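Structure, as structure tokens:
The values are calculated or read from the model by the stated rules, or taken from the named source; none is laboratory data. Owing to the predicted nature of the structure, the values given are computational and were not obtained by experimental measurement. Glycine gets a Cβ as well: all are built from the backbone with ideal geometry, and neighbour counts include every protein chain shown.
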Amino acid sequence: MLRSLRHKPGQEKPILMVMGCQRSGTTLLTHMFDLDPTSRVYRTDEVLFDKETEVAAGRLKPLPWIHQHLLRERAAFIQIKAQVELQRARELLEDLPGSRIIWLYRHFMDVGRSTISHGRGKQAHRSLQPILQGNQADWRCQNLDPAVQETIAGLYRPDLDPMSVAALFWYARNSLFFQQDLADDPRVCLMRYDDLVNDAMGVMEDVYDWMELPFPADKIVSFKFSSSIGRGRGLEIDPVVKDLCDELLNRFSQLPHVGIGGANLSLL
């Protein structure tokens, strides 16, 4: 019942978009928000998303339609898992009233290991193809900086190991954070996966404070996944690819984060 008691239809309400590269913890974070009885969570298989074609799967429907649909919601806030819309982050912030973004990132070695362990080694190669082909109609390449495309094309080869290929995809997706100048936008919250699983209570309390909403505490935080941290760090990876991703990871580490791993968001 609480999900329908906070707002009347027609009222604007906070819209929180969870963004991050695949295998970075966006499903876990979305599940936490879904446990909040005052929220309405939209995953990529729900009404806000296009499911007509394989290319469009997981893409948001036209924003005017989404805005009108969300006006009918009565929850205290809306959470949207916008995992394949990272390249449109700035556009979404400007065109969806009341929207904010949590950008969740995870160490590229752990993302690579998770990708491979889920049997997606070959898929990692396929995921890079739109970037290598410069296919702007595909979300993997849409709005991507030509310099990033060129860098990836220069490092990719068909016999490149799956860990390195997954790391290049991680690099492409997370480079979009800096490409769109999101670091200084107060509507954007940066979250590290390691912090989320090590101190979910502290991280989520910071998030709710940032959203100016009551924190439901143990209603949404009752489990840990710390065993998933660091499991890919000892695996083999192309050294040039590793240096490239380490540099981007270091750029993230210099910014304010929620939770124990970084500065409080009040510094923004």
Would a scan of segment 144-153 turn up a residue that is free of Cβ contacts under 8 Å to residues at least 60 places away in the same chain, in a loop (DSSP other than H, G, I, E, B) and under 23 Å from residue 89 (Cβ atoms)?
yes
As an exercise: evaluate residue 98 against (1) crowded, with 17+ Cβ neighbours inside 10 Å; (2) closer than 29 Å to residue 16 by Cβ; (3) not basic (Lys, Arg) and give the number of the one condition it does not meet.
(1)
Just checking, how many residues over segment 171-187 are modelled with pLDDT of 95 or more and either touching a Gly at 6+ places or on another chain (Cβ under 7 Å) or charged (D, E, K, R) (or both)?
4
Looking at segment 73-92 only, could you name the residues that are closer than 16 Å to residue 59 by Cα and either of a type outside the set (Lys, Arg) or free of Cβ contacts under 8 Å to residues at least 12 places away in the same chain (or both)?
79, 80, 82, 83, 84, 85, 86, 87, 89, 91, 92
In segment 39-55, which residue that is part of a loop (DSSP other than H, G, I, E, B) and within 16 Å of residue 81 (Cβ to Cβ) is modelled with the highest pLDDT?
48
Look through segment 188-240, keep the residues that are surrounded by fewer than 16 Cβ atoms within 10 Å (Cβ to Cβ) and aromatic (Phe, Trp, Tyr), and return whichever of them is modelled with the highest pLDDT.
223
Can you go through 168, 86 and tell me which one is crowded, with 22+ Cβ neighbours inside 10 Å and under 24 Å from residue 45 (Cβ atoms)?
86
Of the residues in segment 67-81, those that are of a type in the set (A, V, I, L, M, F, W, C) and at pLDDT 95 or above come to 78, 80
